[in-house]
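Each remark here refers to the structure printed beneath this line.
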Amino acid sequence: MSELNLILLGPPGAGKGTQAERLREDFALAHISTGDMLRAQVSEGTELGKQAQSYMQAGELVPDEVIIGMIMVRIGAADARDGFLLDGFPRNEQQADALGEALATLERRLLAVLLIEVSDDEVVRRLGGRRVCTKSGHVYHLEFDPPKHEGICDQDGSRLIQRDDDHEQTIRKRLEVYHAQTAPLIEYYEKEGLLRRFDGRRPPNEVNDHIRATLATLRLEDKL
Ligand code: ADP
Ligand code: AMP
């Protein structure tokens, strides 16, 4: 069976984490979120976390040398051997080049880059209302997907928080960074014939159905 090595691309708040949670269950993939990995390092107070924290709070990208080293180790882990879903990486051309070179060395390759498209206004609405479970990382939205009890995770009863960088000024900065540094990857992967586009304005279930259908077709084509 071909490896399901995928990238989820799109602006912050497009719904990458929401879709990753579903795809991880459907396809038994290793979900690799650089944002989650960095937040774990920050809360553990590691050296890497200390290097990353100020960039994250400002909505800037953490330097490539910190990120690339971290992700290369993670892709080589046992649970990512049969397939991985990258969420939040790569975020610029240098990172994409580093990933391409590393995969070539390992004789592995990407199956597809899944682009989830939403407008900037929608990003601001979504991130302003996002709440995250402190334990599982499960994501809610105050308006679009509220928890049954305010401030409490439906799944495990843990506390929900608003991320430090989900405030309007930082959201605007993250969008600026996305358009300047990450959006050029759309053309980068389009040229490689890997890009697949999804309408992120649709409800989460519909986006998920669409992605699953695309992956089923890609897997069939890959075996032919
Ligand atoms: P990302 O990982 O791309 O930053 P998230 O998956 O965390 O985005 O989603 C951002 C916010 O938008 C969350 O509050 C989530 O509940 C909400 N959301 C995700 N997908 C949709 C959707 N298709 N429609 C409406 N709201 C959504
Ligand atoms: P995210 O959880 O994907 O929204 O990422 C939160 C923050 O982590 C970003 O605003 C960046 O500061 C940092 N970050 C996450 N992934 C990367 C990456 N691939 N390159 C650089 N910085 C990153």
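The values are calculated or read from the model by the stated rules, or taken from the named source; none is laboratory data. In this text the structure is predicted, and so the values were computed from the model without any measurement. We place every Cβ from the backbone using ideal geometry, glycine too, and count neighbours over all the protein chains shown. SASA here: full protein model, heavy atoms, side chains in, ligands and nucleic acids out. Shrake-Rupley method; radii C 1.70, N 1.55, O 1.52, S 1.80 Å.
In the stretch 177-196 there is at least one residue matching the filter, namely being over 28 Å from LEU218 (Cα atoms), in contact with a Gly (Cβ under 9 Å, 6 or more places away or on another chain) and open to solvent by less than 90 Å² (accessible area, probe 1.4 Å). Restricting the stretch 103-118 to residues that are part of a loop (DSSP other than H, G, I, E, B) and within 17 Å of the chain's Cα centre (by Cα) leaves a set whose member that is nearest to ASN208 (Cα to Cα) is VAL118. Can you find a residue in the stretch 150-161 that is under 21 Å from GLY88 (Cα atoms), open to solvent by less than 30 Å² (accessible area, probe 1.4 Å) and in contact with a Lys or Arg (Cβ under 9 Å, 6 or more places away or on another chain)? No, that holds for no residue. Scanning the stretch 162-170 for any residue that is of a type outside the set (A, V, I, L, M), surrounded by 15 or more Cβ atoms within 10 Å (Cβ to Cβ), within 12 Å of ligand 1 (Cβ to nearest atom) and on the phi > 0 side of the Ramachandran plot turns up nothing. Residues of the stretch 205-224 that are modelled with pLDDT of 95 or more and either β-branched (Val, Ile, Thr) or open to solvent by 60 Å² or more (accessible area, probe 1.4 Å) (or both): ASN205, GLU206, VAL207, ASP209, HIS210, ILE211, ARG212, THR214. In this structure, does LEU85 turn out to be assigned to a helix (DSSP H, G or I), within 16 Å of ligand 1 (Cβ to nearest atom), open to solvent by less than 10 Å² (accessible area, probe 1.4 Å) and in contact with a strand residue (DSSP E or B) (Cβ under 8 Å, 6 or more places away or on another chain)? Answer is no for this residue. Residues in the stretch 118-157 that are of a type in the set (S, T, N, Q) and closer than 17 Å to ALA20 by Cβ: SER136, GLN155. Look at (1) open to solvent by less than 60 Å² (accessible area, probe 1.4 Å); (2) within 26 Å of LYS223 (Cα to Cα); (3) of a type outside the set (S, T, N, Q) and you find that VAL118 fails only one, number (2).
Filtered by the rule that a residue be closer than 10 Å to ARG130 by Cβ and of a type in the set (Lys, Arg), the stretch 142-164 gives a lone residue, ARG163. Yes or no: LYS173 of a type in the set (Lys, Arg), at pLDDT below 95 and over 23 Å from GLY100 (Cβ atoms)? In short, no.
The one condition from (1) free of Cβ contacts under 8 Å to residues at least 40 places away in the same chain; (2) surrounded by fewer than 15 Cβ atoms within 10 Å (Cβ to Cβ); (3) touching a helix residue (DSSP H, G or I) at 6+ places or on another chain (Cβ under 9 Å) that ALA104 does not meet is (3).
Scanning for something over 25 Å from GLY69 (Cβ atoms) and touching a strand residue (DSSP E or B) at 6+ places or on another chain (Cβ under 8 Å), does the stretch 99-113 turn up at least one residue? Yes, there is a match, as at least one residue in the stretch 99-113 is over 25 Å from GLY69 (Cβ atoms) and touching a strand residue (DSSP E or B) at 6+ places or on another chain (Cβ under 8 Å). When you look at ARG126, is it assigned to a loop (DSSP other than H, G, I, E, B), touching a strand residue (DSSP E or B) at 6+ places or on another chain (Cβ under 8 Å) and either open to solvent by less than 50 Å² (accessible area, probe 1.4 Å) or more than 29 Å from ILE161 (Cβ to Cβ) (or both), yes or no? So ARG126 fails the test.
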